[in-house]
1. Around B:Ser121, what is the net charge, scoring Lys/Arg as +1 and Asp/Glu as -1 over all other residues with Cβ under 12 Å from its Cβ?
2. Under Stokes-Einstein, with the Kirkwood radius over Cα pairs standing in for Rh, what whole-number D in µm²/s applies to the stretch B:154-277 at 25 °C and 0.890 mPa s?
3. Working out 0.36 nm times the residue gap between A:Asn260 and A:Ile196, then minus their Cα-Cα distance, what length gain in nm do you get to one decimal?
4. Just checking the output field for A:99-109: average partner chain Cβ neighbours within 10 Å of each residue's Cβ?
5. Across peptide B:15-21, how many C-beta atoms of other chains are within 10 Å of each residue C-beta, on average?
6. Simple spin-label model, 7 Å along Cα-to-Cβ: A:Ser49 to A:Tyr7 in nm?
7. With a Cα-only, solvent-free Debye model of the stretch A:102-258, what are the log10 I(q)/I(0) values at q = 0.15 Å⁻¹?
8. Which helices, taking whole DSSP H runs in chain A, have alpha carbons extending 24 angstrom or more along the helix axis plus mean Kyte-Doolittle at least 0.5?
Amino acid sequence: MLNNLSYKTQRKIIIFAFSLIPVALLFTFAYLPVFNMFKYSFTDWNGYSKSYDYVGFENYKTIFTDSKYFTVFKVSLYYFIGSFAQMAVALYFATVLSSNVRFKNFFKGVLFFPYLLNGVAIGFIFLFFFRPDGTLDTLMQSVGLGAYTQGWLLNPAIINISLAGASLWRYMGFNFIIFLGAISSIGKDVYEAAAIDGANRWHQFRHIILPSIKSIVQLNLILAISGAISAFDIPYIMTGGSNGSNTFVIQTVTTAFKYNKLGLASAMAVVLLFIVIIVTLLQRLFIKEEK
Amino acid sequence: MYKLKYGTAAVFKYATLLLGAFAALVPIAVVFFASFKTNKEYGTSSPLTLPDNWLNFANYSKAFVNGNMLLGFGNTIFIVVVSIVGATIIGAMIAFVLNRFRFRGRQLMMGAFLLATLIPSVTTQVATFRIIDFFHLVDTRFAPILLYLGTDIIAVYIFMQFLDSISDSLDESAMLDGASYFTIFWRIILPLLAPAIVTVVIVKGVNIYNDFYTPFLYMPSEDLQVLSTALFKFKGPYGSQWEVICAGIMITIIPILLIFLSLQKYIYNGFAQGSVK
């Protein structure tokens, strides 16, 4: 049927027909929410009544002055620092496993596997892990560190470290597999040339591996940072945000859907969106300049 | 002397690898042990002790039946399949148009798809919920499906990148034979995209299978539960029966373990490619 039309007409039809649905979906579910969110953030809407009033910057003022909303940013710092540790561990294992190692596939699989698990399963696994007299306490007792066991999820001073640890366990495999892929794509001849020059493993890492995977490390770092700021699954499933483990996203969700303060929650989401976009743009600029 | 130094480095290397493997496996292994213990046994034994009876499947049947896991599997599979098929077709269509044609508004459209990746969808849920509500789709399977299609645009990128490597000359020779653009897309481009489609299936499949937030927020009904929300419901009623929760955890892990073991190579490649934007 289409064959009878000229390529010029066909071209028009196909451009229109093939972009209609994707573009409509993109605008309805990616851009319209952002636009609406900005609009709601200046109102006192509760999310269900027919009318609402514009309140100017009132919601933003609440976020930055009421400590209840502001302190949750501090919690992000734990995940933020955790994401650096995560990168380091991933980079270490990727480097080690790119060399000749026995049982390479076994180690590769085991280190990566946690990333494939369901967020709820991971939350429960670590609830079990951190319970009083649970796995961690038992392990510590068996190596003689019994005196140092803690209320891992009960003590507000360490709860976020425990949760950031669970988060590291979950996402490390993802970074690891990407770094490993990037390192394996470095040509063998480069290593051979370096070996002739008498480079040891550290020299290789410092002067060959690191420079060639730098941009991918940076990219992963940015993903990890925005991931840290928007941490939700693990703390929500494990503690529901209690004992000082409340994150910004948990706070936003409860403000919107539990306390029905949609205007305020929108303002919080706008702040979060701005932080993520600024961090991302800074990072992109940074990478571009180096190229 | 040199030999000794090499020895310590190797020892260190294997020690850290074993430690890493231990840290990755122990949290799962203890859950596996507990899932075979009876309530009394669970209460009296340490988490690291092996179960008395490896064939005690009572917890599994309890978790599977009472947690209505079959329904969870059914809903999850439905949502994963429909979303992936949809994302593949939609993504391939838009990538084809953006890659093969130069038209007014192309740059703008490409920019719009690029910029959308910067928006973390977790931040916009507050407003997205109202839109889904407007279409009367809250508490239907189409809420997550539409969101997976509309907001996660990774498929578009993977396809656009891959299309760069498929030469235009193929299209041109087909045009000499009188093939329509649609035929070219359907008969030539789509089959050649197969490796990229595998990547999309894996990256999106894992993300959707593991997602908790979207189904939790948009499908509160009991009969729409997916695996993750079904498992989440164990938290309250089985709070004192960890051996049942552990069986529930294992039920969600086993399918993914089997898929991982059989498709390892594709999964590694999928993630390695899917991440290079």
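Any read-out appearing in this document is the output of simple, stated calculations on the displayed coordinates, not a laboratory observation. Being a predicted model, the structure only gives us computed values, none of them experimental. Note that we place each Cβ from the backbone using ideal geometry, even for glycine, and neighbour counts take in every protein chain shown.
1. -2
2. Taking Rh from Cα pairs, D becomes 138 µm²/s.
3. 16.3 nm
4. Rounded to a whole number, the mean comes out at 3.
5. Partner Cβ neighbours, averaged per residue: 5.
6. Label-label distance for A:Ser49 and A:Tyr7, simple model: 6.2 nm.
7. -0.94
8. Numbers: long enough: A:7-26 (28 Å, 1.13); A:72-97 (38 Å, 1.50); A:159-184 (38 Å, 1.24); A:262-290 (42 Å, 1.84).
Helices passing the filter in chain A: A:7-26, A:72-97, A:159-184, A:262-290.
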